[in-house]
1. Go through (1) acidic (D, E); (2) closer than 26 Å to S213 by Cα; (3) free of Cβ contacts under 8 Å to residues at least 12 places away in the same chain one by one and return the number of the condition E79 breaks.
2. Tell me the residue from F252, F202 that is at pLDDT 95 or above, within 24 Å of L49 (Cα to Cα), in contact with a Ser or Thr (Cβ under 7 Å, 6 or more places away or on another chain) and not basic (K, R), please.
3. Report yes if T109 is of a type in the set (S, T, N, Q) and assigned to a loop (DSSP other than H, G, I, E, B), otherwise no.
4. Of the conditions (1) without any contact (Cβ under 8 Å) to a residue 60 or more places away in the chain; (2) within 19 Å of the chain's Cα centre (by Cα); (3) loosely packed, with under 15 Cβ neighbours inside 10 Å, L184 clears all except one; give me its number.
5. Taking the stated definitions as given, is D271 touching a Lys or Arg at 6+ places or on another chain (Cβ under 7 Å) and of a type outside the set (F, W, Y)?
6. Give the residue that is nearest to M229 (Cα to Cα), with candidates limited to residues of region 155-194 that are of a type in the set (V, I, T) and touching a strand residue (DSSP E or B) at 6+ places or on another chain (Cβ under 8 Å).
7. Determine if region 224-233 includes at least one residue that is of a type in the set (S, T, N, Q), loosely packed, with under 14 Cβ neighbours inside 10 Å, in contact with a Ser or Thr (Cβ under 7 Å, 6 or more places away or on another chain) and farther than 18 Å from V96 by Cα.
Amino acid sequence: MHDAIDLQAYLRRIGRQGAVCPDMSTLQAIVAAHVTTIPFENLSPLLGLPVDLELAALERKLVHEGRGGYCFEQNLLLEAALRAIGFEVSGLIARVLWTQPEDAITPQTHMLLRVELAGESWLVDVGFGGQTLVGVLRLQADIEQATQMEPFRLVQMDGDFRMQSLVRGQWLSLYRFDLRPVPLIDYVVANHYVSTHPDSNFVNHLNVARTTSDSRLSLRDREFTVRRMGREPERRTLHDIGEIRRVLEQDFLIRLPAHPQLDRRLGNLPDNSPV
């Protein structure tokens, strides 16, 4: 994948104005702007469309077409932008543990980024959906680190790091990973699985998320949830196609694709609300 990203177009997309340079202030500002403007979404695999990880395709979809994407798309786009600014950045791969037992053996299906800055290593991840890291995390185990939302921490276990967040008073693992650099082909293979396998969550369910300045928004099929720090989650079920489309466009800021099967697919989403 080439690195010739249209940096100015990306910065306009996330609403970042002013000069940028490879320092911590710029890194934090770009991460915060990215997660509030480019939503996590899986409409392409839900519609049976291919998910192309080439940079030109990522720019077209996430920057110019007003769409979002999931971890590989989000973090590969951010990686290219950070490199263009002058950051030293590399990709890592993780096994997701969110909603899984701590000892679960899961496939490597999540991407995150490692950034070297001012003689230290930092982690960035704009692609973990409703629990995405809002900020920059020091690559150091066993310390609680504040973010704009929940505190996060890293725990070392069995030779891996575990990314954890403090959710309603409990430390929960998001994923586990090591620090080996990952070639693009490993992301391509993992992306093929999550975007096409008949058992993949992204093929079978609508998963959308966005983080605002004070809340986390998520949509799982028809269940729309707003989480604000220190308050109980607000949940409601979206019952018709028009309501789903409005939430996708207005709350998640997605420019919906003009696909002939979109309304049919949205209309067939499962309704798990209590009878």
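1. The number of the failed condition is (3).
2. F202
3. For T109, the condition - of a type in the set (S, T, N, Q) and assigned to a loop (DSSP other than H, G, I, E, B) - is not met.
4. Result: L184 passes all but (1).
5. Against the criterion (touching a Lys or Arg at 6+ places or on another chain (Cβ under 7 Å) and of a type outside the set (F, W, Y)), D271 qualifies.
6. This residue is V155.
7. The answer is no; no qualifying residue exists.
Results for (1) over 30 Å from D199 (Cα atoms); (2) hydroxyl-bearing (S, T, Y), shown as yes or no for each residue.
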{"residue": "L7", "(1), (2)": "yes, no"}
{"residue": "Q17", "(1), (2)": "yes, no"}
{"residue": "P22", "(1), (2)": "yes, no"}
{"residue": "T26", "(1), (2)": "yes, yes"}
{"residue": "H34", "(1), (2)": "no, no"}
{"residue": "E41", "(1), (2)": "no, no"}
{"residue": "L46", "(1), (2)": "no, no"}
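The values are calculated or read from the model by the stated rules, or taken from the named source; none is laboratory data. Only a predicted model underlies this, so the values are computations on that prediction, with no experimental measurement involved. Positions of Cβ are generated from backbone atoms using ideal geometry, with glycine treated the same way; all protein chains shown enter the neighbour counts.
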